[in-house]
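Each reported figure results from applying straightforward, stated rules to the coordinates on display, with no laboratory input. Keep in mind it's a predicted model, so treat the numbers as computed, not measured. Here the Cβ positions follow ideal geometry from the backbone for every residue, glycine too, while neighbour counts run over all protein chains shown.
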Amino acid sequence: MECVSSTEDKPRTGILNLDVLSCPICIEPFTIPIFQCDNGHLACSSCCPKLRNKCPSCAWPVGHSRCRALETVLESTSIPCQNAEFGCTEKLTYGEESTHENTCSFSPCSCPVQDCNYIGSYKDVYVHYKKLIHKNPQSTSQRYRVRCGESFCVKMNISDNLVIGTLYKERLLFTVQSFRKSNGVYVTVSCIAPSSPKAGKFSYCITYTVHGLSITYKSPELKKIQRVSFHTPTENYMLIRNSSLHGESLEMRICIKKEKEMKRTI
Ligand SMILES: [Zn+2]
Ligand SMILES: [Zn+2]
Ligand SMILES: [Zn+2]
Ligand SMILES: [Zn+2]
């Protein structure tokens with residue numbers, strides 16, 4: 001990691017073993033305040049009360065004097081996000097990386113095309129997918145290039161498992177997957193993105209018609225997936241029972257809607 005000192009315009013950097021920034025008692029990353037006993041043994045603020053303010057190494061009191069030197073070191077550390085290679089420029093404080101990384105919009109996503117190993121941020125996967133189609137126009141038998149809020153017709157063979165489409169205004173890829181099980185076919189729609197608020201919130205609606213009868217499914221929030229999974233979904237799917245199936249092909253109308261940001265309920 002980089003350790004920053006600001007003596008010049010461009011800070012000098014060095015290597016710091018991050019272990020020194022963890023409490024030696026509970027091994028959790030230190031947060032400010034950091035305490036020390038009179039012999040200089042360190043303890044974090046949650047360990048001190050648990051130890052009844054008695055240093056486990058020397059039995060002197062701990063929890064009254066702070067170790068300002070290490071607090072300064074902690075404040076001056078910055079760690080690149082683990083998704084830096086995918087374009088994230090966030091610099092994080094040690095111990096707080098996971099808060100950011102859980103919702104980092106640069107979390108790696110896999111291209112949904114079978115046998116393609118491309119991995120990148122969801123925006124890069126979109127660009128990559130578009131290029132791939134341009135390079136090989138025959139690669140997808142049918143292109144689904146749709147707008148949010150407009151329904152479109154999807155025709156697929158149940159055994160195909162997967163069709164890929166683009167929400168071209170949002171520059172997002174979505175997938176429609178079908179899973180044949182003993183009681184019928186499960187259909188689910190997802191979008192290729194990490195669970196970052198930047199990727200937006202969507203929901204979808206599927207209408208399946210057979211013999212003049214329509215079944216409609218309205219989803220909760222559209223699932224965001226970083227890679228295509230071939231496990232039968234346990235939630236967020238439409239079940240078309242065997243009695244409603246008509247051969248091997250599925251024909252459905254799907255509409256993906258963009259959800260408004262944080263509706264306030266009164
Ligand atoms: Zn501790
Ligand atoms: Zn001590
Ligand atoms: Zn990040
Ligand atoms: Zn690809």
Original post:
From the residues in the stretch 76-105 that are without any contact (Cβ under 8 Å) to a residue 40 or more places away in the chain and within 24 Å of Leu167 (Cα to Cα), which one is farthest from ligand 4 (Cβ to nearest atom)?
Top reply: Cys88
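Condition check ((1) touching a helix residue (DSSP H, G or I) at 6+ places or on another chain (Cβ under 7 Å); (2) under 29 Å from Asp115 (Cα atoms)) across all residues:
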{"site": "Thr207", "(1), (2)": "no, no"}
{"site": "Ile215", "(1), (2)": "yes, no"}
{"site": "Ile225", "(1), (2)": "no, yes"}
{"site": "Asn242", "(1), (2)": "no, no"}
{"site": "Ser249", "(1), (2)": "no, yes"}
{"site": "Cys255", "(1), (2)": "no, yes"}
Original post:
If you take the residues of the stretch 222-240 that are of a type in the set (Lys, Arg) and surrounded by 15 or more Cβ atoms within 10 Å (Cβ to Cβ), which of them is nearest to Cys111 (Cα to Cα)?
Top reply: Lys224
Subject >> Yes/no for Val154 being in contact (Cβ under 8 Å) with a residue 40 or more places away in the chain, in a helix (DSSP H, G or I) and of a type in the set (Val, Ile, Thr) >> reply: no
Subject >> strands (runs of 3 or more DSSP E) wholly inside the stretch 178-266 that include at least 3 residues being free of Cβ contacts under 8 Å to residues at least 60 places away in the same chain and under 20 Å from Cys153 (Cα atoms) >> reply: 184-192, 202-210, 213-218, 238-241
**OP:** Examine the stretch 191-207 for a residue that is aromatic (Phe, Trp, Tyr), in contact with an Asp or Glu (Cβ under 8 Å, 6 or more places away or on another chain) and crowded, with 20+ Cβ neighbours inside 10 Å, and state whether such a residue exists.
**Re:** yes
